[in-house]
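Encoded as structure tokens, the structure appears first; notes follow it.
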Amino acid sequence: MNLVLTELPPFDALHAVLIIPASAAALLALLPGYWLAARLNALAALATLMAALLLLVERPASRGGYLFVDDLNIVFVVLSTFVGFTTAVFSATYIGHELEIGRLTPRYLRFYHAMYQTLMFAMNLGLLANNIGLMWVAIELATLTTVLMVGIYRTHEALEAAWKYFILGSVGIALALFGTILVYMAARPVIGAGHDAMVWTALIEKAAGFSPELLNVAFVFLMLGYGTKVGLAPLHAWLPDAHAEGPTPISAVLSGLLLNVALYALLRFKMLLTSNPAALSPGPLMVTMGLISLIFAGFMLYRRRDIKRMFAFSSIEHMGLITFAFGMGGALANFGGLLHMTMHSLTKSAIFFAVGHIAQVKGTQKLADIRGLTVSHPALGWGLVVGVVAIAGLPPLGIFMSEFLIVSSTFAREPLLAVLVVFGLLVAFGALMLRVGEVAFGEPVGSTAPVQASYVPLLAHLGLVAAAGVYLPEPLVEWFQTVAKLLG
Amino acid sequence: MNGLSLDIAHLLAGGLVLTSFMLLYQDRMYGLLNTFTLQAVVLSASVAWQANIQLAPHLYVTALIALVLKAIIIPVALHRVVARLGIHRTIETVVGIGPTMLAGMGLVALSMVVMLKATAAADPLAREDLAFALSVVLLGLMMMVTRRNAVSQVVGFMSLENGLILAATGAKGMPLVVEISVAFSVLVAFIVIGVFLFRIRERFDSVDVQALDVFRGERR
């Protein structure tokens, strides 16, 4: 008996973060019935969040295996399990409505819940992987599950969006793999052939000795590959459609989490290049792509007719800004980037929670058919207004603070770039204010039926964003400062 | 590793680039699929040869996957798709064959220049393998861009992936190659099933958002 127990892998928080969603996915695939499945989905997400928090408190020592935890990835893990949990709560009411109106059948529902947990598993695996090959496989899995979920409504538009996402995502993933192989090639002469030459902790230690030319070429491929998944401007074409046509909980998870996971991969490789003095500096490349995304998406916001597509473009804008901040580098800009990423995830998913219920009650996603929300549905309407005010970067909410940090730290070093950033932010600000004014105020248009919504996730997210704008707790600041230093 | 085994490895890797070019000028769907089958066979042989000279038996698994899946199952499935959708006649290209071939040559030259310079320190086998692999990847990308038809786009993607497998097996001692090739096979299988189930004839005309905006009435 004792022998069997010691043979088992140790059950700690690190494995729990992966095992809980994986086993929940298997269970949910078999479980019929909406009531139980939706609750189990939320419960599993909550358990994963608990495990992640446990991981934050007590970090297991790195054993040089396939998984590891450090200051950087724990930020992402906690954030994604938290948003994963609140989205699961939101998803329960959202999906209940979709079942009622017959957009989803019970069979697809089972599939939906299983895919939701698989996605959580894949994202956590990607974040915790200590091996660049494993990380790649995990991000590929996450891409596949989201493709399946985007196409779940089986309408022409949904299939088209899924197919486009699939093809562009696959090309991105393929380029990222080529980059990964090149990193291995660069590491092999230094570390030696085999498993070790793909392990993060080993790579980052010895990166200074790698061939700089190979690393440069590798980074270009990784930037294009994972950049496609981040949704950076010339490579963003899949993103608005995938957000608009899939179920809204998936839009929330895509914007709030999956983009971050791809960005995390990019950041890891950036660290690798930064620790090699002879390699090209990855900053300018990231700054350029980030700026292009920011300004381009800012202008694209004006032409939107669909509420979910509009907020998808807003995600491109913010991912651009975050990439820009990390590209600038330095303790302050990195801090701003991290904070902005956290705030954006929380705010954008809150907006999608509100938008999901709004689209359900109005029966449309067309901006022109949604008017006077604060009159007809005060809670949802004002929730959306607060969310949009936050995402537009108005004080005193959290995003104002992070944007202020990014802009001011840029201004101190590259005033011209800071001007461009402010310009992009103002363009986006105008578009968002224009649209939210139309949607939220005036005579109500369309259905004014009462809505059965879950306000808790919405309030929780907006509350956190508002609190962060006023006061950031000391330990959080210290934590983010350590990570910012780590990022170089 | 003696000279002959290196030469054979180069021959097979070069053969892969050659079949990529052959894919570019096919103007019949069945011809395209047959050429792709040929490429899969060459890839399989190349991977098996790598397994042999690197003394890495696990690569035989990758070779077997390439042979069974890409040279047999997928071409057969795609033949059926093409027959069912009735799209066997011509392949619509965005750019003519001539300019495509010229651009292809440019891409191969580019990848030679980039990779040979970047990998000056690496051993000759990996070096030239990588240059060939990048050529195949870029040619596959170009094929995806210049074709309108979903099936030929899928073939383009799979040939791109063949280039990646070549690169991964050429990188000596790379771990997880088998796992990665399995993960890729899953991806490819999904794509083929997607075409099959949803009868995707055309790629959605353009990959830029503008066209979709028109379709949705999002444009003024």
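Each value in this text was obtained by applying a stated rule to the coordinates, not by laboratory testing. This is a predicted model, so every value here is computed, not measured. FYI the Cβ positions are ideal-geometry reconstructions off the backbone, even for glycines, and counts take in every protein chain you see.
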Report, in debye and to the nearest 20, how large the dipole of chain B comes out about its Cα centre when Lys and Arg carry +1 and Asp and Glu carry -1 on their Cβ.
640 debye
Shielding score for A:184-197, defined as the mean number of other chain Cβ atoms within 10 Å
4
Quick one: grab the alpha carbon gyration tensor of region B:133-200, order the square roots of its eigenvalues as a ≥ b ≥ c, and give me rounded if a/c is under 1.5, else prolate or oblate depending on whether a/b is larger than b/c.
oblate
In percent, how large is the relative contact order of chain B, given Cα pairs closer than 8 Å and 6 or more residues apart?
23 percent
5 Å is the cut-off here: which amide hydrogens, built 1.01 Å from N in the peptide plane, fall below it relative to residue A:67, excluding neighbours closer than 5 in sequence?
A:130
Under 12 Å between alpha carbons, and skipping anything fewer than 8 positions from residue B:70 in its own chain: which aspartates and glutamates qualify?
B:161
Packing-based order for A:19-27, A:132-140, A:351-359, using average beta carbon neighbours within 10 Å, highest first:
A:351-359, A:132-140, A:19-27
Let me know the charge dipole size of region A:282-488 about its Cα centre in debye, to the nearest 20, where only the beta-carbon of Lys, Arg (+1) and Asp, Glu (-1) is charged.
500 debye
Let a ≥ b ≥ c be the square roots of the eigenvalues of the Cα gyration tensor of chain A; is it rounded (a/c under 1.5), or, if not, prolate (a/b larger than b/c) or oblate?
oblate
Taking +1 at the Cβ of each Lys and Arg and -1 at the Cβ of each Asp and Glu, which of B:100, B:9, B:125 sits farthest along the dipole of region B:3-216 towards its positive end, judged by Cα position relative to the Cα centre?
B:100
Taking amide H positions as placed in the peptide plane 1.01 Å from N, state which residues far from residue B:147 in sequence (5 or more) or on other chains have amide H under 5 Å from it.
B:94
Kindly point out which whole DSSP H helices in chain B project their C-alpha atoms 20 angstrom or further along the helix axis while averaging a Kyte-Doolittle hydropathy of -0.5 or above.
B:3-24, B:29-53, B:97-118, B:124-146, B:150-170, B:177-198
Here the whole-number average of other chain Cβ atoms within 10 Å per Cβ of A:156-165 is 4
Taking a ≥ b ≥ c as the square roots of the Cα gyration tensor eigenvalues, with a/c under 1.5 meaning rounded and otherwise prolate when a/b beats b/c, else oblate, which class fits region A:282-488?
prolate
What helices does chain A have that are whole DSSP H segments, at least 30 Å long along their own axis by Cα, and with mean Kyte-Doolittle hydropathy of 0.0 or more?
A:34-57, A:71-100, A:106-128, A:156-191, A:307-328, A:331-362, A:415-440
Rounded to the nearest 20 debye, what is the charge dipole size of region A:264-322 about its Cα centre when +1 sits on each Lys and Arg Cβ and -1 on each Asp and Glu Cβ?
240 debye
Value of relative contact order over region A:282-488, rounded to a whole percent, pairs C-alpha under 8 Å and six or more apart:
30 percent
Divide by every residue of chain B the summed helix terms, -39500 (n - 2.57) for each DSSP H run of at least 4, and state the resulting mean residue ellipticity at 222 nm, rounded to the nearest 500 deg cm²/dmol.
-25000 deg cm²/dmol
How do B:10-23, A:414-427 rank on mean C-beta neighbours within 10 Å, highest first?
B:10-23, A:414-427
All lysines inside 17 Å of residue A:362 as judged from Cα atoms, apart from same-chain residues fewer than 8 positions distant:
A:308
